[in-house]
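**Student:** One structure, as structure tokens, below. Some questions next.
The values are calculated or read from the model by the stated rules, or taken from the named source; none is laboratory data. Bear in mind that the values here come from a model prediction, so they are computed numbers and not experimental data. As a convention, Cβ positions derive from the backbone with ideal geometry for all residues, glycine included, and neighbour counts pool all protein chains shown.
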Amino acid sequence: MLLVSKCHFLGHKKLLGLILCIVLFALPFLLDQYLGRAWVRIIDFALLFSLLALGLNIVVGYAGLLDLGYIAFFAVGAYCYGLLCSPQFGLHWPFWFVLPLGALLAGLFGIVLGAPTLKLRGDYLAIVTLGFGEIIRIFLNNLNHPVNITNGAQGITLIDPLQWQSISLAQTIHWGGIEIAPVHYYYFVFLFCTMFMLVVSSRLERSRIGRAWMAIREDEVAAACMGLNTRNIKLTAFAMGASFGGLAGGLFAAFQGFISPESFTLTDSIMVLCMVVLGGMGHVSGVVLGAILLSVLPEILRYAGPLQMTLLHRVWVDPSDLRMLLFGLALIVMMLLRPKGLWPAKHGASTNAPSENTEPPAKNAQHG
Amino acid sequence: MDIFLQQMVNGLLLGSIYALVALGYTMVYGILGLINFAHGDIVMVGAMVTLSTIGVLEGHLPIGVILLVACLVAIVVCVLMGLLLERVAYRPLRHAPRLAPLITAIGVSLLIQYSAALIWGKQYIALPELFKPSQYVWAGVEINALQIFIFVLALLIMASLALFVKHTRLGRAMQATEQNADSATLMGVNTTGVIALTFAIGAAIGAVAGVMIDLYYGQAHYFMGFLLGLKAFTAAVLGGIGHIGGAMLGGLLLGVIESLSAGYIGDLTGGLFGSNYRDVFTFFVLIGVLMLRPSGLLGRATTERA
Amino acid sequence: MGNQSLLEAHHLGKHFGGLRALNQVSLNILRGEIFGLIGPNGAGKTTLFNLITGIYPPDEGTLFFNQQPLNGLKTHQITRAGIARTFQNIRLFSQMSALENVMVGCHPRTRTGVWGALFNTASARAEEAMILARAHALLKTCGLSQQAQRQAYQLSYGDQRRLEIARALATEPQLLALDEPAAGLNHTETEALKTLLLHLNAQGMTLLLIEHDVKLVMGLCDRMAVLDFGEKIAEGSPREVRQNPHVIKAYLGTDPIDEPAPVNPS
């Protein structure tokens, strides 16, 4: 009775928020208990990808700039942390300095790489950003010669975990019968960062800058005629989006303890883009949903292999191939069923052709 | 000088294949304004089907006939796939947000890749040695009959496509759809049919490119469509995407740039960078070109009308 | 303010390839007046607009706004200097609400940046409230209060035209340049537009108007100019222009007032 009245007092939304908080807090322990530690790790990665997707959403969703090389900024953040917090150069700088530095550096890269693309439209932009992504990866792969900076394809190992004085997130402790492992700590760190970036994204979205981004997405010429300095506003979008990626990269390096160029391929850029588009471009909640779904789905599809065994009593299809096949199929089906994304913005912050009677789709795309 | 000429010849040869694949991207882009992300994989299927057909027929028929049959089978398979791709991934989303078909195309690309992995396995598949092409040396440049054949065939295909688009009724319908799909519909052009036709032609040319890749590299792989598609798309953009002549020029140019940079990057940078920076060089050229000409080499500058 | 000139064009020229879109066009628009620009299809009216708003630079000639040269300024700088425009083929931010469209127009006169937005500072909040109030007021002026929350593409044609005006006004211009604001409007909507324009002018706004509805232009404008094949063939009061033999010839010898508005303007 008391509970009911209290619920009433709290209101519908607050109650939902409270339940969400409890679920989010208990989630890693429940997963650990019932599905195994691997699943906590999967959720950790889902949160990291949420950060990435939120960042890319600023560039693609708000400002309408198709970026196919976004993973480069993730790489910049990861290598910034990896080089400054590992035996590679014998540097072990504190994380609270290196993580923001990585975000800042990635933001700078965003401006430097964004600047030459300002005049380009649509898919020209896509291929140039793709090129930058590849250029950065190739450099990371080859900068072990003549001076060894990145250690080439072998990557950087023994990267410091997040630690402060004697407290390190690499320790496992037992507390009241519950084992709390690094994956649990990082879950909360990533959760905090994702929440933080959600707030940042929403605030930007509803600000003067956010409106300027969307105006440029809708019509660049009209935006310029409204007194918007389109060059600076686009660069702001690149820088903000990139800094999200840089932060995520630093966290990734600390979490993994190991990074190599292999983690930063074009396929990863495309995957983040899929998360943004599939979730619902321009809508933060949709984007996070997309990121979590596409991170978790391939893992769920791992069960397709054993399922095949149980149902058919033999391996018709190699389990890893089956998984990718089903993943491809899922992308198609989800997009066909929800062309605007799984959870689009309330009044479509999408680049849907609004006035089909005045502009043909093809032409519209060129302008987009 | 000999090395330079040799690299030029190699580059043009590779470039002619890039150009054929780039045509598929540029034609679809011209009409729909969309990147056909699965096109590279269709080319891969063309290469794989050719190898299988050759494997079946080898020893039973004369080599010329085998190649012709294999090529025809590849074209049929690829055209069917192209049509299916259009039907499944693009047609239902023609009025959807612009990036939606990009995702379905990525999905189709994954489907094709892993189906190919199932059918042909994940290892490289080699072309059986069918014949020994006669080798020519001219001004220090080595070239064999097969390579000449590939190059000439590629040029022939490009020329006939250009003629087709310019001078036939269907070609003009394609142009009209490209300029303005809605007006074309009003003028009685069956735009849905034209779009399907575009996918079909792109896939057919892609199939031939697949055959050429078999002959040129002597092998094929389920994942090769990805990198090939990336190169060809780059070529299409370099030339001015949506522009058929641009795809041809861009393809040839990209082949030459790659070939020359692989040969000379080490010398030019005093050994600082090796040929593993080849793609970096390629992308820098692309970015440089686009900074000077934001619509590619031959692309019309989209003058902004206010 | 008297007869002080606001916008002066000296010998403007522009060509696209071999086509001469504008040739030696000079204009002088005075502060506080309604100036009309008419001419047949392809006469170069919209090109002149694009030169004034910096969409592309003139090949020859100079523009002065408040006695300051506009040459070399980018579009957004010209807007900040005080020239706002609407578009012949409506160019609203179609996936944004009517209110947001007008709020975007407030951009050049406000200053909250990324940091203000991130930390939600007091000044950012105050400015946001100011923008919101201003946008609502402008929507009301243009008779769009009911439509504030609807997306731009959902509005009727007439409302879209008025929303473009509201959005342009949000940039706080001294000169409002309207590219065929009455195109596609029915009689009632045209009358409402006329009332709105006269109201704005009464508040001191200088208006530059391209229009095909010759009757509307003649009724509204203090002075007007006529372009034909990129050249100015007449300038003066509507009465003077109407009697100008060049103008009559340009409109194929027919009385311009009886000329029906072309269906597909340049």
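**Student:** When the range C:56-88 is examined, which residues are found to be at the interface with another protein chain (Cβ under 7 Å from one of its Cβ atoms) and touching a strand residue (DSSP E or B) at 6+ places or on another chain (Cβ under 9 Å)? Walk me through it before giving the result.
**Tutor:** Taking the range C:56-88 as the starting set, the residues that turn out to be at the interface with another protein chain (Cβ under 7 Å from one of its Cβ atoms) are C:75-76, C:79-80, C:85, C:87.
C:T79, C:R85, C:F87, listed by residue number.
**Student:** For the range A:292-346, which positions are within 21 Å of the chain's Cα centre (by Cα), without any contact (Cβ under 8 Å) to a residue 24 or more places away in the chain and away from chain B (no Cβ under 11 Å)?
**Tutor:** The answer is A:I300, and nothing else.
**Student:** Within the bounds of the range A:263-272, is there any residue that is within 30 Å of A:I149 (Cα to Cα), touching a strand residue (DSSP E or B) at 6+ places or on another chain (Cβ under 8 Å), surrounded by fewer than 24 Cβ atoms within 10 Å (Cβ to Cβ) and among the small types (G, A, S)? Show your work before the answer.
**Tutor:** Restricting attention to the range A:263-272, the residues satisfying the condition of being within 30 Å of A:I149 (Cα to Cα) are A:263-272.
With touching a strand residue (DSSP E or B) at 6+ places or on another chain (Cβ under 8 Å) added as a condition, the list becomes none.
Looking through the range A:263-272, none of the residues is within 30 Å of A:I149 (Cα to Cα), touching a strand residue (DSSP E or B) at 6+ places or on another chain (Cβ under 8 Å), surrounded by fewer than 24 Cβ atoms within 10 Å (Cβ to Cβ) and among the small types (G, A, S).
**Student:** Which of the residues that make up the range C:90-112 are more than 7 Å from chain A (Cβ to nearest Cβ) and of a type outside the set (A, V, I, L, M)?
**Tutor:** Within the range C:90-112, C:N101, C:C106, C:R109, C:R111 qualify.
**Student:** Kindly provide the set of residues from the range B:89-136 that are more than 8 Å from every other protein chain (Cβ to nearest Cβ), part of a helix (DSSP H, G or I) and more than 17 Å from B:H39 (Cβ to Cβ), ordered by number.
**Tutor:** B:I119, B:W120
**Student:** Can you say whether B:I42 is among the hydrophobic types (A, V, I, L, M, F, W, C) and under 19 Å from B:Q147 (Cα atoms), as far as the supplied structure shows? Step through it out loud before you land on a result.
**Tutor:** Details: among the hydrophobic types (A, V, I, L, M, F, W, C): yes; under 19 Å from B:Q147 (Cα atoms): no.
Considered against the rule, which asks whether it is among the hydrophobic types (A, V, I, L, M, F, W, C) and under 19 Å from B:Q147 (Cα atoms), B:I42 comes out as no.
**Student:** Which is more than 12 Å from chain A (Cβ to nearest Cβ) and in contact with a His (Cβ under 8 Å, 6 or more places away or on another chain), of B:L298, B:L260?
**Tutor:** Details: B:L260 fails: in contact with a His (Cβ under 8 Å, 6 or more places away or on another chain).
Unique residue meeting the criteria: B:L298.
**Student:** Please determine whether any residue of the range C:170-183 is modelled with pLDDT of 90 or more, over 15 Å from C:I34 (Cβ atoms), surrounded by fewer than 22 Cβ atoms within 10 Å (Cβ to Cβ) and not β-branched (V, I, T).
**Tutor:** Yes; the residues of the range C:170-183 include at least one that is modelled with pLDDT of 90 or more, over 15 Å from C:I34 (Cβ atoms), surrounded by fewer than 22 Cβ atoms within 10 Å (Cβ to Cβ) and not β-branched (V, I, T).
**Student:** For A:L247, state whether it is surrounded by fewer than 23 Cβ atoms within 10 Å (Cβ to Cβ), assigned to a helix (DSSP H, G or I) and not acidic (D, E). Before you say what the answer is, go through the steps one by one.
**Tutor:** Details: surrounded by fewer than 23 Cβ atoms within 10 Å (Cβ to Cβ): no; assigned to a helix (DSSP H, G or I): yes; not acidic (D, E): yes.
It is false that A:L247 is surrounded by fewer than 23 Cβ atoms within 10 Å (Cβ to Cβ), assigned to a helix (DSSP H, G or I) and not acidic (D, E).
**Student:** List every residue pair whose Cβ atoms lie under 7 Å apart, where the two residues are 6 or more positions apart in sequence or sit on different chains, the first residue falls within the range A:71-90 and is without any contact (Cβ under 8 Å) to a residue 24 or more places away in the chain, and the second residue, located anywhere, is assigned to a loop (DSSP other than H, G, I, E, B).
**Tutor:** Note: pairs meeting the criteria are A:L84/A:W93.
One line per residue, one yes/no per condition, for (1) without any contact (Cβ under 8 Å) to a residue 60 or more places away in the chain; (2) out of contact with any helix residue (DSSP H, G or I) (no Cβ under 7 Å at 6 or more places or on another chain):
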{"residue": "C:Q4", "(1), (2)": "yes, yes"}
{"residue": "C:H15", "(1), (2)": "yes, yes"}
{"residue": "C:L27", "(1), (2)": "no, yes"}
{"residue": "C:I38", "(1), (2)": "no, no"}
{"residue": "C:N41", "(1), (2)": "no, yes"}
{"residue": "C:G44", "(1), (2)": "no, yes"}
{"residue": "C:I55", "(1), (2)": "yes, no"}
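**Student:** Among the residues of the range A:179-215, how many are in contact with a helix residue (DSSP H, G or I) (Cβ under 8 Å, 6 or more places away or on another chain), more than 9 Å from chain C (Cβ to nearest Cβ) and aliphatic (A, V, I, L, M)?
**Tutor:** Number satisfying all stated conditions: 6.
**Student:** I would also like to ask the following. Go through the range A:141-158 residue by residue and tally those that are in a loop (DSSP other than H, G, I, E, B) and without any contact (Cβ under 8 Å) to a residue 40 or more places away in the chain. Full working, then the answer.
**Tutor:** Step one: filter the range A:141-158 for residues in a loop (DSSP other than H, G, I, E, B), giving A:143-151, A:155, A:157-158.
Next, from what is left, pick out any that are without any contact (Cβ under 8 Å) to a residue 40 or more places away in the chain: A:143-148.
Of the residues in the range A:141-158, 6 are in a loop (DSSP other than H, G, I, E, B) and without any contact (Cβ under 8 Å) to a residue 40 or more places away in the chain.
**Student:** Can you pull out every residue in the range A:191-218 that is buried (at least 19 other Cβ atoms within 10 Å of the Cβ) and charged (D, E, K, R)? Give the derivation first.
**Tutor:** Initial filter on the range A:191-218 (buried (at least 19 other Cβ atoms within 10 Å of the Cβ)): A:193-194, A:197, A:200-201, A:204-205, A:207-218.
Correct list: A:E205, A:R208, A:R211, A:R217, A:E218.
**Student:** Please work out if A:F258 is more than 14 Å from chain B (Cβ to nearest Cβ), surrounded by fewer than 24 Cβ atoms within 10 Å (Cβ to Cβ) and within 22 Å of A:R41 (Cβ to Cβ).
**Tutor:** Working: more than 14 Å from chain B (Cβ to nearest Cβ): yes; surrounded by fewer than 24 Cβ atoms within 10 Å (Cβ to Cβ): yes; within 22 Å of A:R41 (Cβ to Cβ): yes.
Here the answer is yes, as A:F258 does meet what is asked.
**Student:** Same structure, new question: Residues B:L227, B:L161: which one is part of a helix (DSSP H, G or I) and more than 12 Å from chain A (Cβ to nearest Cβ)? Even if it seems obvious, please write down each step before you answer.
**Tutor:** On the way: B:L227 fails: more than 12 Å from chain A (Cβ to nearest Cβ).
Of B:L227, B:L161, the one residue that is part of a helix (DSSP H, G or I) and more than 12 Å from chain A (Cβ to nearest Cβ) is B:L161.
**Student:** Report, by residue number, each residue of the range A:149-170 that is within 14 Å of another protein chain (Cβ to nearest Cβ) and closer than 10 Å to A:Q88 by Cα.
**Tutor:** Keep residues of the range A:149-170 that are within 14 Å of another protein chain (Cβ to nearest Cβ), which gives A:149-150, A:152-153.
Listed by number, the residues that qualify are A:I149, A:T150.
**Student:** Counting just the residues of the range B:137-157 that are outside any strand (DSSP E or B) and touching a Leu at 6+ places or on another chain (Cβ under 7 Å), which one comes out surrounded by the most Cβ atoms within 10 Å (Cβ to Cβ)? Working first, answer last.
**Tutor:** Of the range B:137-157, the ones outside any strand (DSSP E or B) are B:139-140, B:145-157.
Retained after the next criterion (residues that are touching a Leu at 6+ places or on another chain (Cβ under 7 Å)): B:139-140, B:146-147, B:150-151, B:154, B:157.
On the way: B:A139: 8, B:G140: 11, B:L146: 17, B:Q147: 21, B:I150: 23, B:F151: 18, B:A154: 25, B:I157: 20.
By that ranking, first place goes to B:A154.
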